[in-house]
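Throughout, read-outs are computed from the coordinates displayed, never taken from laboratory work. Computed from a predicted model, the values in this text were never measured in an experiment. As a convention, Cβ positions derive from the backbone with ideal geometry for all residues, glycine included, and neighbour counts pool all protein chains shown.
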Amino acid sequence: MYVVFDIGGVVFEDIWEGIFFQKSTGILDLFDLNAQQLNRVCRNCWDRFAVMSLGSDPWEMLEVKYWKDILRDIQIPWSVEECIEYSQRFIIPIPGVDDLINLLVKNRTQLGICSNQTAFWFERQLAVSKTLRFIDRKNMALSFEQGATKGQKNNLLFKVVLDSFNCQPAEIIYIEDRIKHQQDSSDFGFKVIKFNKDESALISTIKNQLESYGVLL
């Protein structure tokens, strides 16, 4: 069996939701913005940048482009540099997941990633994470590298996962937090473990589910 993790909402807290909408400290509350308008701006930018490949640009340049687009539409009195610095406080690992990945690595479980993510936030997460570096990059299906998010292009990201491991869908255990992606990946044939960071004893529950699928812990 192969264990594949989503990143946002599983390994790390969701980034843009925190930056813009976290109570009191998010940009929405800091500048008393209109929630509907801000949500529309953020989602439009996410839809574009989550599938935007690096091309000839370094990831730092894409991050600058992202914030220029955001500032053009919401017009807060911050510079691009201030936005980038502020955003880094929201690169937050979810407690217990690093330990779980470490345990799987020690037991020689083959690991992968399947995630909707921008190039720049992925690089920042990679720099902060204690364990993502243990996962072979060829086993990472990332939306910005494939030009498609989960569910798009006839489930391209899920197919990339299969190609990386050269296996059948039923051999993949996918840990995912969003209901739609749980359903899509289950329909594709993955074994899905539902992740809810607010659930009590979550990591223990996930360990039990992994063991029930034959994963050694």
Paramagnetic reach from E17 (point 7 Å along Cα→Cβ, amide N under 16 Å) across region 86-117: 90-95, 115-117
Size of charge dipole - region 15-90 - debye, nearest 20, with Cβ of Lys, Arg +1 and Asp, Glu -1, no other charges: 240
Sites D99 and S212 - FRET efficiency at Förster radius 22 Å, r taken between beta-carbons, to 0.05: 0.65
Per-peptide average of other Cβ atoms within 10 Å, ordering 194-206, 15-27 highest first: 15-27, 194-206
Lys, Arg +1 and Asp, Glu -1 on Cβ, resulting dipole of the chain about Cα centre, debye, nearest 20: 460
Net length gained if the chain between N44 and R133 were fully extended (0.36 nm per residue, minus Cα distance): 29.0 nm
Computed label-point distance, nm, for sites A170 and Q37 using a 7 Å Cα→Cβ extension: 5.4
Percentage of interatomic Cα-Cα distances in region 15-90 larger than 16 Å: 48
Bridge type composition, the chain - antiparallel percent by DSSP, nearest 5: 5
Radius of gyration, Dmax [region 44-158; alpha carbons; angstrom]: 15.8, 50
Rounded, prolate or oblate (a/c below 1.5 giving rounded, otherwise prolate when a/b exceeds b/c) for the chain by Cα gyration tensor: prolate
